[in-house]
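One structure is given below, encoded as structure tokens.
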Amino acid sequence: VLCGRTDDCPEKYGEKKTYVEYNLTVHYYCLLMSSGIWQRGEEDEGVYGFLITDIRKEVNRAAKLACNICKKKGASIGCVAPKCKRSYHFPCGIQRECIFQFMEDFRSYCWEHKPVQTLTDKESSGASQCTICLDLVDHLPAYNVLKSPCCKNAWFHRECLQYQALSAGIFFFRCTVCNNKDKFQKEMLRMGIYIPERDASWELEENAYQDLLQCYQHCDVKRCFCKEGRDYNEPDSKWEIKRCQCCGSRGTHLACSCMKSWEENWECMECRSIFAKSGKYSKRKKRSWAASEKMNGTGCLLEEPPPKSPRQSSGSQRDFLLQSPKMMCQNNLSPCSHLERPASNRVTMSLSPLMSNRNWPRRQKYLKKQRREVCNILKELKVQVTTKTTRLNINIENIWNSALKGFRQRNFSPTNTIEISFTNCKNRSKTHTSAASRHQFFQLLMLHLQNSSLFEGSSSKNLSLDFQAVKENLYFEAGKMIAVSLVHGGPPPGFFSKTLFNCLVYGPENVKPALEDVADVDVTQTIKTIKYANSLSSLQSTVHDCYEFLAAAGCLRPVTALCDKNMLVNDILFHHVIKRIISPLESFSQGLKTLGVLEKMQMHPDAFSSILCHKPERLSAETICELFTIHSSVCENKGVDFWMGYLRDVESGESAVTLEDILLFITGSSSIPSIGFDPEPTIKFLRIRYPVGNRLLNCLELPRTKTYKQFKNKMELTIRNTLRAERE
């Protein structure tokens, strides 16, 4: 009814739709570009939001206008250039090389006033390959040829670009050479390329990636202890199945491989044999401490694979989600993971990896209080940070060496605001000044430290003895990095053992280590043999067998009674866990004094223990709900209910995204920093089509929708594709 043609060509004229009840047929592009009509309805009203009465009025208006190209009536599109009175049909405009801008107020330009791309003097004429179809394209500013605004030698056919845009959609349409998205899309829209606001065509295929979502769930160890069978999997228990960190195609129950928590790494026998043959996997040799003390330390700080983070549990539907959220109020504290360890009032006690259900609510409330206190303390320390910046050039593939180089550069000061410039092996760099980028840097750095040779142990770690690291003063640098991370909004390490923490706070002479603090398997076995000796003769025999080890450790003493084994065990523990690492401990403590962190630790030990000796709390819907201040009017209560319902669905596993994905989309961080977010996260409801995560302001802008299904679909689509594009 607008262009008078029967052509059905979605690539040129948009989707052709016929409405029998209204006796109406239109091309989508003809409707969008018509000069006298606007979308006054919702997307599901009329035709794409154009009301039927408005369409008929536009048809009547256009019936009086003759097309300047074909001379027929019904020209509904006019050139927006001042004093230009040309009108034409959409197909005629395409034929005459007019430009139609599918953005903002959908402007149209005739063949005389259309925008053109200009060639600079430096750009050579000639021909090159179109990077889409690989055919030659002339370097001429013509209608059918477009150049990339972000790459000097990237030229395309207009038809190739249009097909690419229709296939990729707004989330994946970008320069095929440099992968730039914002600048490239802006220029292509200006030059008349239509970019649909939908997901890519390959993402819309039903169950296209279904096979990738299937996780291996089978216990493959030689002897499975689970009474329910090898396929039984109970999340957040000792019968949860852990997959091989290398291949992912073999699994084990935590209990079947003597693992205390999900954070511990596990490799299957096939992967271990491959590493052993390639020389990349070295077994721990059986040797006494006396022999190891005569050897030189390791020569470098190797980067090992980081442990997998615990999965998000589904949880129960909490009562708070059935109530209205708090408006204009915020709480940065959240319940901690049930895998966290309780703090102990006794300096000599070690931590149990799991808590009893009976004490869990009390411990949860206690840790929330302590984390609130440490957040305020860190904010006081942050007052020292000035606006003067220091740039750190960080190679993501070699995080330790690049961070070490940055912290040791002459102009580095812990009181300066840190600016991050990420690079990779191709020497491409991008400078970031946001808190999200700093958090990402410190998160990678903490993961490296946790798995480096500076520390030993499984989940709760103590300092190790690395002679080369002592020589290079790496323990000092590690302590300094942790202190700077805490004050500058990075994550806490979360892997300190209680013994290491108490040595830093109370002094090593006042700490009594436990057997769990010993990482060396041979030393552990020696201590157990002495500790569980049931007769004086067996004790004396054991002491005789370990004579060289005890003499080198300075723990050799006459054994005249069975009770002497207790003093002997304490001596061995103190020597191995504390005495032999006195030098690294002193250096590490000096590094933690940066920005006054160690002093605050000694003044508030319980508060800092909650973040240094415990993993960050697992996110829950309640955590996210309490974190955000909602700016909402009474009329937007439906939108608030949609938001709360969506959090409930994500927590219960009825969504393709996780709570960590939501927080990452809004703030750029997948966890809550110990110091909290600055500025504090907020939520606004606006008249927009898709959600927007403003990481500079930590603000989530949500669209107003009629139904919860629309709200959920838009959240899923935007968050999933935004994070996927960032990872790519």
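The values are calculated or read from the model by the stated rules, or taken from the named source; none is laboratory data. Here the structure is a predicted model, which means the values were calculated and not measured. We place every Cβ from the backbone using ideal geometry, glycine too, and count neighbours over all the protein chains shown. Just so you know, the surface numbers come from the protein's heavy atoms only, side chains and all, with ligands and any DNA or RNA stripped out. Shrake-Rupley method; radii C 1.70, N 1.55, O 1.52, S 1.80 Å.
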Check your understanding: Applying the selection to the stretch 149-196, what residues are in contact with a Phe, Trp or Tyr (Cβ under 7 Å, 6 or more places away or on another chain), assigned to a helix (DSSP H, G or I) and among the hydrophobic types (A, V, I, L, M, F, W, C)?
Key -> ALA165, LEU189
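Of all residues in the stretch 484-533, which are among the hydroxyl-bearing types (Ser, Thr, Tyr), surrounded by fewer than 20 Cβ atoms within 10 Å (Cβ to Cβ) and closer than 30 Å to LEU562 by Cα?
Taking the stretch 484-533 as the starting set, the residues that turn out to be among the hydroxyl-bearing types (Ser, Thr, Tyr) are 485, 497, 499, 506, 524, 526, 529, 532.
Filter once more, so that each one left must be surrounded by fewer than 20 Cβ atoms within 10 Å (Cβ to Cβ): 506, 524, 529, 532.
Passing the criteria: THR524, THR529, TYR532.
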Practice item. Please go through the stretch 5-40 and pick out each residue that is over 19 Å from ALA165 (Cβ atoms) and hydroxyl-bearing (Ser, Thr, Tyr). Key: THR6, THR18, TYR19, TYR22, THR25, SER34, SER35
Check your understanding: Is at least one residue of the stretch 519-534 at positive phi and either of a type outside the set (S, T, N, Q) or not assigned by the TED database to the domain that holds LYS593 (or both)?
Key -> no
**Study point:** Every residue from the stretch 666-697 that is more than 30 Å from VAL597 (Cα to Cα) and assigned to a loop (DSSP other than H, G, I, E, B)
**Key:** ARG687, ILE688, ARG689, TYR690, PRO691
**Study point:** All positions within the stretch 662-713 that are open to solvent by 40 Å² or more (accessible area, probe 1.4 Å) and of a type in the set (A, V, I, L, M)
**Key:** LEU664, LEU686, ILE688, VAL692, LEU696, LEU697
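Which one of ASP231, ASP199, ASP220, ASP236 is open to solvent by less than 30 Å² (accessible area, probe 1.4 Å), in a loop (DSSP other than H, G, I, E, B) and more than 24 Å from LYS114 (Cα to Cα)? Spell out the reasoning first.
On the way: ASP231 fails: open to solvent by less than 30 Å² (accessible area, probe 1.4 Å); ASP220 fails: open to solvent by less than 30 Å² (accessible area, probe 1.4 Å); ASP236 fails: open to solvent by less than 30 Å² (accessible area, probe 1.4 Å).
Answer to the selection: ASP199.
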Check your understanding: Which condition number in (1) modelled with pLDDT of 90 or more; (2) within 21 Å of LYS480 (Cα to Cα); (3) out of contact with any Lys or Arg (no Cβ under 9 Å at 6 or more places or on another chain) is the one that PRO616 fails?
Key -> (1)
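Restricting to the stretch 250-262, give me the number of residues that are in contact with a Cys (Cβ under 8 Å, 6 or more places away or on another chain) and either in a loop (DSSP other than H, G, I, E, B) or at pLDDT below 85 (or both).
First, the residues of the stretch 250-262 that are in contact with a Cys (Cβ under 8 Å, 6 or more places away or on another chain): 250-253, 255-256.
Retained after the next criterion (residues that are either in a loop (DSSP other than H, G, I, E, B) or at pLDDT below 85 (or both)): 250.
Residues in the stretch 250-262 being in contact with a Cys (Cβ under 8 Å, 6 or more places away or on another chain) and either in a loop (DSSP other than H, G, I, E, B) or at pLDDT below 85 (or both): 1 in total.
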Exercise for review: Within the stretch 474-506, work out how many residues are in a helix (DSSP H, G or I) and within 23 Å of TRP262 (Cβ to Cβ).
Suggested key: 4
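Just checking, how many residues over the stretch 542-591 are over 39 Å from the mean Cα position of the chain (by Cα) and either among the basic types (Lys, Arg) or outside the structural domain of LEU463 (by the TED database) (or both)? Walk me through it before giving the result.
So the first thing to find is which residues in the stretch 542-591 are over 39 Å from the mean Cα position of the chain (by Cα), and the list is 542-575, 579.
Within this subset, residues satisfying the condition of being either among the basic types (Lys, Arg) or outside the structural domain of LEU463 (by the TED database) (or both) are 557, 565, 579.
Residues in the stretch 542-591 being over 39 Å from the mean Cα position of the chain (by Cα) and either among the basic types (Lys, Arg) or outside the structural domain of LEU463 (by the TED database) (or both): 3 in total.
In this structure, does ALA551 turn out to be aliphatic (A, V, I, L, M) and loosely packed, with under 15 Cβ neighbours inside 10 Å?
Numbers: aliphatic (A, V, I, L, M): yes; loosely packed, with under 15 Cβ neighbours inside 10 Å: yes.
So ALA551 fits the description; yes.
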Exercise for review: Of all residues in the stretch 646-703, count the ones that are within 22 Å of MET446 (Cβ to Cβ), at pLDDT 90 or above and among the acidic types (Asp, Glu).
Suggested key: 2
Review point. What number goes with the only condition from (1) of a type in the set (A, V, I, L, M); (2) in contact with a His (Cβ under 9 Å, 6 or more places away or on another chain); (3) touching a residue at least 24 places away in the same chain (Cβ under 8 Å); (4) under 30 Å from PHE184 (Cα atoms) that ILE69 does not pass?
Key: (4)
Point to revise | Hey, VAL80 under 41 Å from the mean Cα position of the chain (by Cα) and either over 23 Å from GLN185 (Cα atoms) or surrounded by 14 or more Cβ atoms within 10 Å (Cβ to Cβ) (or both) or not | key: no
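Can you say whether LEU51 is crowded, with 19+ Cβ neighbours inside 10 Å and closer than 29 Å to PHE711 by Cα, as far as the supplied structure shows? Please lay out each step first, then the result.
Details: crowded, with 19+ Cβ neighbours inside 10 Å: no; closer than 29 Å to PHE711 by Cα: yes.
No; evaluated as a whole, the condition is false for this residue.
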**Study point:** Condition broken by LEU717, with the remaining ones in (1) under 18 Å from the mean Cα position of the chain (by Cα); (2) more than 19 Å from GLY49 (Cβ to Cβ); (3) open to solvent by 10 Å² or more (accessible area, probe 1.4 Å) satisfied
**Key:** (2)
Point to revise | Members of the stretch 444-471 that are of a type outside the set (A, V, I, L, M), out of contact with any Cys (no Cβ under 9 Å at 6 or more places or on another chain), surrounded by fewer than 19 Cβ atoms within 10 Å (Cβ to Cβ) and part of a helix (DSSP H, G or I) | key: PHE467, LYS471
**Study point:** Odd one out for ARG40 among (1) under 24 Å from GLU197 (Cβ atoms); (2) out of contact with any strand residue (DSSP E or B) (no Cβ under 8 Å at 6 or more places or on another chain); (3) of a type outside the set (Ser, Thr, Tyr)
**Key:** (2)
Review point. Taking helices (runs of 4 or more DSSP H) that do not extend beyond the stretch 1-119, which have at least 3 residues that are within 30 Å of PRO141 (Cα to Cα)?
Key: 10-13, 28-33, 90-95
